[in-house]
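Read the figures in this text as sums done on the coordinates, not as results from a lab. These numbers were taken from a predicted model, which means no experiment stands behind them. Neighbour counts are summed over all protein chains in view; Cβ atoms, including those assigned to glycine, are modelled from backbone coordinates with ideal geometry.
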Amino acid sequence: MLQGRKIRAPFFEIGPKQYLYGDRILELALAADRAAKEFDVDVIFTTPFCDIRRIAEATERLFVSAPHMDPIPVGRGLADILPESIKAAGAEGVMLNHVEKPISFSVMQKTIDRAAQIGLYVIAIADTIEEAKAIAALNPAIITAEQSELIGSGIVSEDHYIKITTDAIKSVNPNILVLQGAGIKNEDDVYRMIFIGSEGTGTSSAVGLADDPGMMAYKMIRAVRRAWDARHGK
């Protein structure tokens with residue numbers, strides 16, 4: 001895996017959280033890696049810390065991300081997550097401010113700065129339009145716009161929310177990629193998100209709880225490519 005790669009649109013993010021572990025999470029990562037190659041879609045795989053090295057070493061096309069880190073220097077900090085440690089394990093980026101692991105704006109600013117120092121990209125999560133614009137000023141690589149109440153609900157964001165949050169982020173920094181998520185339950189939801197204007201989308205429970213997580217990931221990544229091509233008249 002090459003460090004320092006840049007994620008391109010269209011892209012897809014898989015965050016299995018704690019739904020899968022051990023060999024099952026590796027099987028999912030390998031299936032996602034194959035689909036990423038087949039459909040030429042960049043896939044971010046936000047994996048639990050214990051599986052970062054295993055997945056990074058076993059895959060070629062995945063952008064392996066950590067689900068959190070702390071803005072600490074090398075040294076003291078028992079049980080904190082050292083940025084250099086996740087990079088050494090093979091992660092290329094980190095997710096920040098998930099609804100299940102929220103951080104303050106000041107901590108986010110420090111953490112994004114630490115990530116930039118050592119060459120990790122940041123996926124920052126925003127709920128409201130105001131929060132999305134404020135985070136955009138910190139220049140993460142990606143902002144995930146998702147309404148907290150829709151996460152895991154099976155109800156996806158409305159078209160209006162997708163448009164206004166994307167426009168708000170791009171008005172601050174047009175170079176930030178925008179991921180529209182929350183409530184994605186199948187490949188049809190993925191297709192809709194990409195087709196109506198998102199650069200990326202993603203899921204956690206829809207893949208993690210599927211009877212065949214690898215096949216669900218395959219279908220969703222395929223939907224990203226089909227929607228992007230249809231959107232651009234290909």
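What distance in nm lies between label points placed 7 Å from Cα along the C-beta direction at Thr128 and Val107?
Modelled inter-label distance: 2.0 nm.
Sort the stretch 11-231 into rounded, prolate or oblate with this rule: let a ≥ b ≥ c be the square roots of the eigenvalues of the Cα gyration tensor; rounded if a/c is under 1.5, and if a/c is not under 1.5, prolate when a/b is larger than b/c, oblate otherwise.
Values: a/c = 1.68, a/b = 1.10, b/c = 1.53.
Cα axes put the stretch 11-231 in the oblate bin.
Figure the gain on full extension for Asp159 and Lys6 (residue separation times 0.36 nm, minus the Cα-Cα span) and round it to one decimal in nm. Could you put the intermediate results ahead of the total?
Working: separation 153, 0.36 × 153 = 55.08 nm, distance 2.75 nm.
Gain on extension, Asp159 to Lys6, equals 52.3 nm.
Provide the net charge surrounding Asp51, with neighbours chosen by a C-beta distance below 15 Å and charges set as Lys +1, Arg +1, Asp -1, Glu -1.
Values: positive: Lys17, Arg24, Arg53, Arg54; negative: Asp23, Glu27, Asp33, Glu57, Glu92.
Within the 15 Å Cβ shell, the charges total -1.
With a/c under 1.5 counting as rounded, go ahead and sort the stretch 156-234 into rounded, prolate or oblate using the C-alpha gyration tensor (a ≥ b ≥ c being the square roots of the eigenvalues; past the cut-off, prolate if a/b is larger than b/c, else oblate).
Details: a/c = 2.26, a/b = 1.59, b/c = 1.42.
Judged from the Cα gyration tensor, the stretch 156-234 comes out prolate (a/c at least 1.5, a/b above b/c).
In nanometres, what is the gap between the two model label sites at Ser171 and Arg24, each 7 Å from Cα along Cα-to-Cβ?
Reported label-point gap for Ser171 and Arg24 is 4.4 nm.
In the chain, what percentage of the DSSP-assigned beta bridges are antiparallel, given to the nearest 5?
Around 5 percent of the beta bridges assigned by DSSP in the chain are antiparallel ones.
Measuring from centroid to centroid over Cα atoms, what is the spacing of the stretch 19-38 and the stretch 160-203 in Å?
Each part reduced to its Cα centre gives a spacing of 23 Å.
Can you classify the stretch 189-234 as rounded, prolate or oblate using the Cα gyration tensor, where a ≥ b ≥ c are the square roots of its eigenvalues, rounded means a/c under 1.5, and otherwise it's prolate if a/b beats b/c and oblate if not? Let's see the in-between values first.
On the way: a/c = 3.72, a/b = 2.06, b/c = 1.81.
Verdict is prolate for the stretch 189-234.
I'd like to compare 196-206, 162-172: which one has the highest average count of other Cβ atoms within 10 Å, and what's the full order after that? List each step's numbers first, then the result.
Values: 196-206: 22.6, 162-172: 17.5.
In decreasing order of mean packing, 196-206, 162-172 become 196-206, 162-172.
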